[in-house]
Amino acid sequence: MNKAFHQGILIIESLEKNGHEAYFVGGSVRDTLMNRAIGDIDIATSATPEEIQAIFPKTIDVGAEHGTIIVVTSEQESYEVTTFRTDGIYTDNRHPDNVTFVKSLEEDLKRRDFTMNAIAMTKYGEIVDPFDGESDIKRRVIRTVGKATERFKEDALRMLRAVRFSSQLSFSVERDTFDGIRKDQALLEMVSVERKTAELEKLLMGQGVKEALELLVTTGLFAYLPHLGEKSKPLRELAKLPLHEFHSRSAIWTLLVIVLKVEDVECFLNSWKLPKKVTKAVNENIKVIEQVQRTGWVKEVIYRTGLDQSLEAHQVMNALGWDLQGMSVQIRKMYNSLPIHSLKDIVIDGNELINIAGEKRGKWISLLYQDLEMALIHEETENERAALKEWVCNWLQKYDQNY
Ligand code: ATP
Ligand code: MG
């Protein structure tokens, strides 16, 4: 079995030694059957949360009332261990009102969303697959466990998960499941923005994003995502771009803002409740792209923007056909050959400047630094003590004449 499961096998063995059943479940089993790299490893067990906590020395209670305990095995590794459960009624179309712990694996698998996600695996690698998930994986289809509309009425997030998985796995959505989504699309209103954002980002970064964006439109789900209601046409435009090459959230959102021709960027990004850091980077990217469209990749832009963000803005422009393919090499070269990369690289510091000038601190320092940065970038002076002193004296003379 894949090496990644080794520690998990030890967890299963500990649970078994204490008289419980335990299996690998969820995405790690699906991805193993697909020969795909596995993400996090989830374990389902007949042990209750208290029993799990009693067996393992280091655990984190992330939702004992839903049966989930994290078992920490080392600094880098931890596993979600969840008690077999069935879900009660879902009155809010999103969360079960209550959950009941059960003793049977099959009952637990039945509450799971799609057949490909409702497969269990023993520590020996034997498959338990009551809903024929393996054959759906072979046929590359996403199908709900049980009747689609019932499952979507319970939890509307599953509709968006279906489209997200179709992107990540390049699977199609089985007919009844597709029809179910079309019928229940409006229930997506019940899902929090944060969950929509997380799913959309995964969707946009998936290998099958082109088909998934088409699905987002044909299922009607797009209309229940913030500010996308009127955007079926640009979403189809977006589908033509090489989105799967993007790995950064801010790059993805920058592309989205541009292709969707968003007018109020601030309002758009806020409505997706993105972290400040992402919003800031998107705004920066847009500014840089506008600047580059005016001036090209000049030294000053690369210096001000920094290497990583320059490359990100270039990636967005390149995807849009607005920049040359090989430009990233050029940007890197230009950045590396800049005489300084920030103010900190200037060999004389603020105190020394004041000494040279024999003046008090004041506004002149920041003006001088601005000019000095540019003089260095454009190689009008060298970043070396004597040359800098001379440049500073000349600058002060001109400054004194003007002020
Ligand atoms: P990923 O690779 O994205 O982690 P995953 O299948 O592991 O995919 P998770 O969100 O980690 O997805 O959930 C783990 C498992 O829990 C799923 O495989 C599925 O069996 C079950 N599950 C998760 N969310 C739902 C849901 N909304 N409804 C029903 N079952 C769910
Ligand atoms: Mg998972």
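May I ask you to list the residues in region 28-73 that are among the acidic types (Asp, Glu) and within 16 Å of ligand 2 (Cβ to nearest atom)?
Taking region 28-73 as the starting set, the residues that turn out to be among the acidic types (Asp, Glu) are 31, 40, 42, 50-51, 61, 65.
Within region 28-73, ASP31, ASP40, ASP42 qualify.
Exactly one of these conditions fails for HIS95: (1) open to solvent by less than 40 Å² (accessible area, probe 1.4 Å); (2) farther than 21 Å from ALA37 by Cβ; (3) under 24 Å from the mean Cα position of the chain (by Cα). Give me its number.
(1)
Please verify whether region 68-88 includes one or more residues that are at negative phi, in a helix (DSSP H, G or I) and within 16 Å of ligand 1 (Cβ to nearest atom). Spell out the reasoning first.
Step one: filter region 68-88 for residues at negative phi, giving 68-88.
After this cut, where a residue has to be in a helix (DSSP H, G or I) as well, the list is none.
No - not one qualifying residue is present in region 68-88.
Residues checked against (1) touching a Gly at 6+ places or on another chain (Cβ under 8 Å); (2) modelled with pLDDT of 90 or more; (3) on the phi > 0 side of the Ramachandran plot; (4) among the hydroxyl-bearing types (Ser, Thr, Tyr):
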site	(1), (2), (3), (4)
ASP371	no, yes, no, no
ALA375	no, yes, no, no
TRP391	no, yes, no, no
GLN397	no, no, no, no
TYR403	no, no, no, yes
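Within region 9-47, restricting attention to residues that are within 12 Å of ligand 1 (Cβ to nearest atom) and among the polar types (S, T, N, Q), which residue is least open to solvent (accessible area, probe 1.4 Å)?
Top of the filtered list is SER28.
For the structure I just gave you, tell me whether HIS6 is open to solvent by 30 Å² or more (accessible area, probe 1.4 Å) and away from ligand 1 (no atom under 14 Å from the Cβ). Please lay out each step first, then the result.
Working: open to solvent by 30 Å² or more (accessible area, probe 1.4 Å): yes; away from ligand 1 (no atom under 14 Å from the Cβ): yes.
Criteria met by HIS6.
Kindly indicate the residue of region 112-146 that is in a helix (DSSP H, G or I) and open to solvent by less than 20 Å² (accessible area, probe 1.4 Å) and also farthest from ligand 2 (Cβ to nearest atom) among those meeting that condition.
Here is the first cut: in region 112-146, the residues in a helix (DSSP H, G or I) are 115-117, 133-138.
Right, trim to open to solvent by less than 20 Å² (accessible area, probe 1.4 Å) and you get 115-117, 133, 136-137.
Values: THR115: 16, MET116: 12, ASN117: 9, GLY133: 15, ASP136: 18, ILE137: 16 Å.
Here the answer is ASP136.
Quick check: is even one residue across region 52-61 open to solvent by less than 30 Å² (accessible area, probe 1.4 Å), in contact with a helix residue (DSSP H, G or I) (Cβ under 6 Å, 6 or more places away or on another chain) and outside any helix (DSSP H, G or I)?
Taking region 52-61 first, the residues open to solvent by less than 30 Å² (accessible area, probe 1.4 Å) are 52, 56.
So of that shortlist, the ones also in contact with a helix residue (DSSP H, G or I) (Cβ under 6 Å, 6 or more places away or on another chain) come out as none.
Within region 52-61, none of the residues are open to solvent by less than 30 Å² (accessible area, probe 1.4 Å), in contact with a helix residue (DSSP H, G or I) (Cβ under 6 Å, 6 or more places away or on another chain) and outside any helix (DSSP H, G or I).
For region 325-358, name all the residues that are free of Cβ contacts under 8 Å to residues at least 24 places away in the same chain and either within 20 Å of TRP297 (Cα to Cα) or outside any helix (DSSP H, G or I) (or both). Walk me through how you get there before you give the answer.
Within region 325-358, the subset free of Cβ contacts under 8 Å to residues at least 24 places away in the same chain is 325-326, 328-329, 333, 336-337, 342, 344, 349-352, 354-355, 358.
Once the filter is applied, which keeps residues that are free of Cβ contacts under 8 Å to residues at least 24 places away in the same chain and either within 20 Å of TRP297 (Cα to Cα) or outside any helix (DSSP H, G or I) (or both), region 325-358 yields GLN325, GLY326, SER328, VAL329, LYS333, ASN336, SER337, SER342, ASP349, GLY358.
The values are calculated or read from the model by the stated rules, or taken from the named source; none is laboratory data. Treat the numbers as computed from the prediction; the structure is a model and nothing was measured. Using ideal geometry, Cβ is built from the backbone for each residue, glycine included, and neighbour counts are taken over all protein chains shown. Areas reflect the complete protein model, heavy atoms only, side chains present, ligands, DNA and RNA absent. Shrake-Rupley method; radii C 1.70, N 1.55, O 1.52, S 1.80 Å.
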